[in-house]
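Q: Sending over a structure as structure tokens; questions will come in a sec.
The values are calculated or read from the model by the stated rules, or taken from the named source; none is laboratory data. Not measured: the values here are computed from a predicted model. Backbone-built Cβ (ideal geometry, glycine too); neighbour counts: all protein chains shown.
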There are 2 protein chains.
Amino acid sequence: MSEEVKITTTEAKILESAKKVFYLRGLKGARMEEIAKEANINTALLHYYFRTKEKLYLKIFDDAISNFKVQILELANQDMQFEEKVKHFVEKYISLLLENSYLPIFIINELNQNPDRIIEILNVGDELRETLLLRQFNEEILKGNIRPVNFFHFLLNLLSLCVFPFISKPIFKSLFNLSEEQFTSLILERKNIIPDIILKWLKN
Amino acid sequence: MSEEVKITTTEAKILESAKKVFYLRGLKGARMEEIAKEANINTALLHYYFRTKEKLYLKIFDDAISNFKVQILELANQDMQFEEKVKHFVEKYISLLLENSYLPIFIINELNQNPDRIIEILNVGDELRETLLLRQFNEEILKGNIRPVNFFHFLLNLLSLCVFPFISKPIFKSLFNLSEEQFTSLILERKNIIPDIILKWLKN
DNA sequence: GTCTATAAAGGGATAGAC
DNA sequence: GTCTATCCCTTTATAGAC
């Protein structure tokens, strides 16, 4: 029992370090030695736990995707009115991104480098079709509360406005000469701005 | 003279190949051999022209950035009314991205991997402050034609809506089960949608 | 300028002791 | 489980002939 605790602890430590390094440097940029060092072990032990770099990377990627997936679907399925839900979605999503600011670049890189690994996202596609958000969206259109725009554009706009700032952070920080704190507080302003934009656009 | 033409031709060919490979695979993912093969030469000749992989990469990155910079500033300095300019900007920018769809990911990756190399963008910062677009933006606010929002958010929203679709293309293609053609035609729809969103948001 | 051959470095992976 | 030492393949870079 105490032995197993120790195993789990080391494994957890490796995963934490691997996550940090892979998020930051990507598959090709990451060094097994850096991961090991970060976890205060050596590369031999890394291979003992995960055999290969590729396997370790896949574990990190799978975790990231399924985590992402769960949280998105949870937000999309909240029991709320449409407008309220858009606001809630943005609020929670930006908070999530603030805690995991490297995640978007990591996922985007992986999926552009290796589009075949996208199968796991495809599953979300099916679940998305049955999501409460989509149903509500269509109902609002039928009721004439919002304009009949394509759900594709709705979702894409919503995510663009939420995610892109994190991806382009270095550019905008330098363009507008912002400190880390200033940038974060501007991001927080977006919790109100984004729903405003989206809802104004959807209203007649 | 004829000698110099030959040099330039090989060099140009190398740069073209390097661009293709670096855009696609990034600094760490790119192989000098792949670049050489793509240019129908061998790696020795690559090194003859550019000494190291790093130097070749930097050349490609610099070109990309200054190209990007020129085009953005040119668009921002067009002699047009504000509303018209927003529409024109989106129209041209999306066309530009359709022709260079790998560019955003390349730049974003580089700048997140190596934020110190951002100095070249900083120059744009200064020029941006004197840009016609910013002046017009402030005038429109003073005239009461648009709401007094932060120019940071205006620019960020505009770029988010234009650029993010290209970055998240694999995700949305799979999420909505789209062919290449379907995706492109949805992108083209955005030439009208984005100015609509931005202008509706800015109007009282 | 361009090539072939090869050196040198880098980094993932394993053997074997503890 | 964990470490040290080391292997070995991949990839960058150079030497030297043409």
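Q: Taking only the range B:120-170 into account, find how many residues are surrounded by 13 or more Cβ atoms within 10 Å (Cβ to Cβ), closer than 17 Å to B:K200 by Cβ and over 20 Å from the mean Cα position of the chain (by Cα).
A: Here the count works out to 6.
Q: Only one of B:I121, B:I141, B:I187 is in a helix (DSSP H, G or I), of a type in the set (V, I, T) and under 17 Å from B:F82 (Cβ atoms). Can you tell me which?
A: Values: B:I121 fails: under 17 Å from B:F82 (Cβ atoms); B:I187 fails: under 17 Å from B:F82 (Cβ atoms).
Testing whether each residue is in a helix (DSSP H, G or I), of a type in the set (V, I, T) and under 17 Å from B:F82 (Cβ atoms) leaves just B:I141.
Q: Would you confirm whether any residue within the range B:96-104 is under 20 Å from A:F176 (Cβ atoms) and either within 16 Å of DNA strand D (Cβ to nearest atom) or in the same structural domain as B:L158 (by TED's automatic domain parsing) (or both)?
A: Here is the first cut: in the range B:96-104, the ones under 20 Å from A:F176 (Cβ atoms) are B:104.
So of that shortlist, the ones also either within 16 Å of DNA strand D (Cβ to nearest atom) or in the same structural domain as B:L158 (by TED's automatic domain parsing) (or both) come out as B:104.
Yes, the range B:96-104 contains a residue that is under 20 Å from A:F176 (Cβ atoms) and either within 16 Å of DNA strand D (Cβ to nearest atom) or in the same structural domain as B:L158 (by TED's automatic domain parsing) (or both).
Q: A further question follows. For the range A:35-58, enumerate the residues that are away from DNA strand D (no atom under 15 Å from the Cβ) and within 14 Å of A:K20 (Cβ to Cβ).
A: Taking the range A:35-58 first, the residues away from DNA strand D (no atom under 15 Å from the Cβ) are A:55, A:57-58.
Passing the criteria: only A:Y57.
Q: Check off (1) more than 7 Å from chain B (Cβ to nearest Cβ); (2) under 24 Å from B:L134 (Cα atoms) for A:S168 and give me the number that stays unchecked.
A: Result: A:S168 passes all but (1).
Q: Scan (1) under 21 Å from the mean Cα position of the chain (by Cα); (2) among the aliphatic types (A, V, I, L, M); (3) outside the structural domain of B:N138 (by TED's automatic domain parsing) for the single condition B:I65 breaks and write down its number.
A: Single failed check for B:I65: (3).
Q: Output the qualifying pairs, or none if there are none: Cβ atoms under 6 angstrom, residues six or more apart or on different chains, first residue in the range A:28-42 and in the same structural domain as A:E16 (by TED's automatic domain parsing) and within 24 Å of B:N109 (Cα to Cα), second residue away from DNA strand D (no atom under 11 Å from the Cβ) and assigned to a helix (DSSP H, G or I).
A: A:A30/A:V21; A:A30/A:F22; A:M32/A:K53; A:E34/A:V21; A:I35/A:S17; A:I35/A:A18; A:I35/A:V21; A:E38/A:S17
Q: Would you call A:Y48 more than 14 Å from chain B (Cβ to nearest Cβ), among the hydroxyl-bearing types (S, T, Y) and near DNA strand C (Cβ under 10 Å from one of its atoms)? Before you say what the answer is, go through the steps one by one.
A: On the way: more than 14 Å from chain B (Cβ to nearest Cβ): yes; among the hydroxyl-bearing types (S, T, Y): yes; near DNA strand C (Cβ under 10 Å from one of its atoms): yes.
For A:Y48, the condition - more than 14 Å from chain B (Cβ to nearest Cβ), among the hydroxyl-bearing types (S, T, Y) and near DNA strand C (Cβ under 10 Å from one of its atoms) - is met.
Q: Now for a separate question. Among the numbered criteria (1) surrounded by fewer than 16 Cβ atoms within 10 Å (Cβ to Cβ); (2) more than 14 Å from every other protein chain (Cβ to nearest Cβ); (3) more than 10 Å from DNA strand C (Cβ to nearest atom), which one does A:L24 miss?
A: Here A:L24 clears every test but (2).
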